Amino acid sequence: MTEDLGEIAARINTNPLGRLMHGQRELFHSNLVGWFFEVLPDAADAVFRSYAPEGVDRGRFPEREPKNMDLVFHWPDRAPVVIENKVFSLPGKKQLDAYEATTRTWPHAPGLVLLSVSAPGFDAGNWQHLRYGDLATRIRAALPETETQTYEVETMRHYADLIEDLQRLIDTVDVRSDSETVWQNSTVNEVIGSSQMRAALHKARAQRVARAINDAIPTLEQPSGSGMTRAKPLVEAFEYVRIDGVDLHIGWQLQGDDFRRTVIYHDAPYKGDSDASRHQREEFSRQHPQFFTFPSPLAQKHHGRGEFNHFAPESVLKYVRVPGMTIAELKAAAAAVHAEIVAMRPSGGAGAKPATATRAAP
């Protein structure tokens, strides 16, 4: 696996289009596929025209980022095709629904294509999923076979190679089993020479772990999220509670080997950079030790230097070390914390809550 991953990354790195892409920029793909539609119309039609419903339009041309949509293809004798592309990131239902709503005023309903390495993981409705790996196959089949290859054809062959390798590379960060570790073995990351590619893979893995948590615990008050801080991926889940008149988001974060119980304060005098605000956060946290319990069988000893760790201007946290935590162990811990938070609410209700929690990190 490690050797294969290194070979894939090396091919991407030596592909000139891979260098231009910098590993993750979706705008690059929209621009190049749009260029393909312009300069090789017959081949592009063989790839995309079947997605176009019956209708008429203003002519044949690509349109980039109309009303925030990635790409729209137009034909004079067909309805348009809207393409939303996702490379490392996962598709989002709200975004797809919003784009589809935008098209409802169009004279003819367009075809909707989700061009994405990963399947949506939800009912995508009218959106048809096209994997980047399958797009590579379609492009190769559509390109003309001639003795003298043009620049345009050779460029698209390089592009097909690139996106096929991207598909293989990103497939490696999918969550396939509860028994695998949350974070991939460090030796896997060592074979990726590009820091941008490593960061993109870290983010992609964290997104997919968060999706696994959301699938396992669909009753979370707000979905599990993911991100990067200090060049390390994290996954987290926060839920709103109001306790003793104080608005809070309580939850957990996993970053590296650190499993944190974190509280985010929203209201004065608890929120702020001053020593007084910090003292108020600590005192309220001290009065509510239930905010910082660690599910069994996790370690129970806090590893911070003091009683609490902080992330100004709003967060208090404690953490324990969980080296080699598996997906199953994280799901179990997340479910236990969720059950504790639900029990803190009167009659289990969430009540009126402030804005969604912001990410916190020490």
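Which whole-number percent gives the relative contact order of region 142-290, counting Cα pairs below 8 Å spaced six or more residues apart?
It comes to 11 percent, rounded to a whole number.
I'd like the carbon and sulfur percentage of the solvent accessible area for region 126-241, probe radius 1.4 Å, heavy atoms only, ligands and nucleic acids excluded.
Carbon and sulfur atoms account for 47 percent of the accessible area of region 126-241.
Extension gain Ser296-Gln128, at 0.36 nm per residue separation less the Cα-Cα distance, in nm?
Residue separation times 0.36 nm, minus the Cα-Cα distance, leaves 56.2 nm.
Report for region 31-164 the percent antiparallel among DSSP-assigned beta bridges with both residues inside it, nearest 5.
Around 45 percent antiparallel, to the nearest 5.
In debye, nearest 20, what is the charge dipole magnitude of region 91-214 about its Cα centre with +1 on Lys and Arg Cβ and -1 on Asp and Glu Cβ, if you could check?
The calculation lands at about 540 debye.
Which residues' amide hydrogens lie under 5 Å from the amide hydrogen of Gln128, considering only partners 5 or more residues apart or on another chain, with H built in the peptide plane?
Result for Gln128 returns Leu112, Val113, Leu114.
Bin width 5 Å, alpha-carbon pairs only: give the P(r) of region 199-318 as whole percents, running from 0 to the bin holding the largest distance.
Per 5 Å bin, starting at 0, the Cα pair percentages come out as 2, 11, 19, 22, 20, 16, 8, 3, 0.
Among residues other than Gly133 whose Cβ falls under 11 Å from its Cβ, what is the net charge (Lys/Arg +1, Asp/Glu -1)?
-1
When all C-alpha to C-alpha distances in region 65-111 are sorted into bins of 5 Å, what percent of pairs does each bin hold, rounded to whole numbers?
Cα pair-distance distribution for region 65-111, in percent: 5, 20, 31, 25, 12, 5, 2.
Quick one: helix 327-344 against the long Cα principal axis of the chain, what's the angle to the nearest 10°, folded into 0 to 90?
Rounded to the nearest ten degrees, it is 50.
What's the center-to-center distance, using Cα atoms, between region 262-314 and region 128-207 in Å?
Their Cα centres are 42 Å away from one another.
In whole percent, what relative contact order does the chain give with Cα contacts below 8 Å and a gap of six or more residues?
13
Does anyone have the angle between helix 132-142 and the longest principal axis of the chain? Alpha-carbon axes, 0 to 90°, nearest 10?
Around 0 degrees separate the two axes.
Ranked from the most accessible area to the least, with a 1.4 Å probe and all protein chains present, what is the order of His202, His29?
Descending order: His202, His29.
For every other residue with a beta carbon closer than 14 angstrom to the beta carbon of Tyr270, add +1 if it is Lys or Arg and -1 if Asp or Glu, then tell me the sum.
Around Tyr270, the surrounding residues sum to -3.
Step through the table entries Lys93/Lys271; Lys94/Lys318; Lys271/Lys318, compare each Cα-Cα distance with 25 Å, and write down the pairs that go over it.
Over 25 Å Cα-Cα: Lys93/Lys271; Lys94/Lys318.
Once the Cα atoms of helix 2-14 and of the chain are each reduced to a long axis, what angle between those two axes, in degrees from 0 to 90 to the nearest 10, is obtained?
That works out to roughly 50 degrees.
If you put +1 on each Lys and Arg Cβ and -1 on each Asp and Glu Cβ, how big is the dipole of the chain around its Cα centre, in Debye rounded to 20?
960
For region 128-180, taking Cα atoms only, what is the radius of gyration to one decimal and the Dmax to the nearest whole Å?
14.8, 51
Counting only DSSP beta bridges with both residues in the chain, what percent are antiparallel, rounded to the nearest 5?
80
Stokes-Einstein D for region 90-187 at 10 °C, 1.306 mPa s, Kirkwood Rh over Cα pairs, in µm²/s?
Diffusion coefficient, whole number: 97 µm²/s.
Protein chains only, probe 1.4 Å: how do Arg176, Arg140 rank by accessible area, largest first?
Arg176, Arg140
The values are calculated or read from the model by the stated rules, or taken from the named source; none is laboratory data. Note that this is a predicted model, so its numbers are computed, not measured. Every residue, glycine as well, gets a Cβ built from its backbone with ideal geometry; the counts of neighbours run over all protein chains shown. SASA here: full protein model, heavy atoms, side chains in, ligands and nucleic acids out. Shrake-Rupley method; radii C 1.70, N 1.55, O 1.52, S 1.80 Å.
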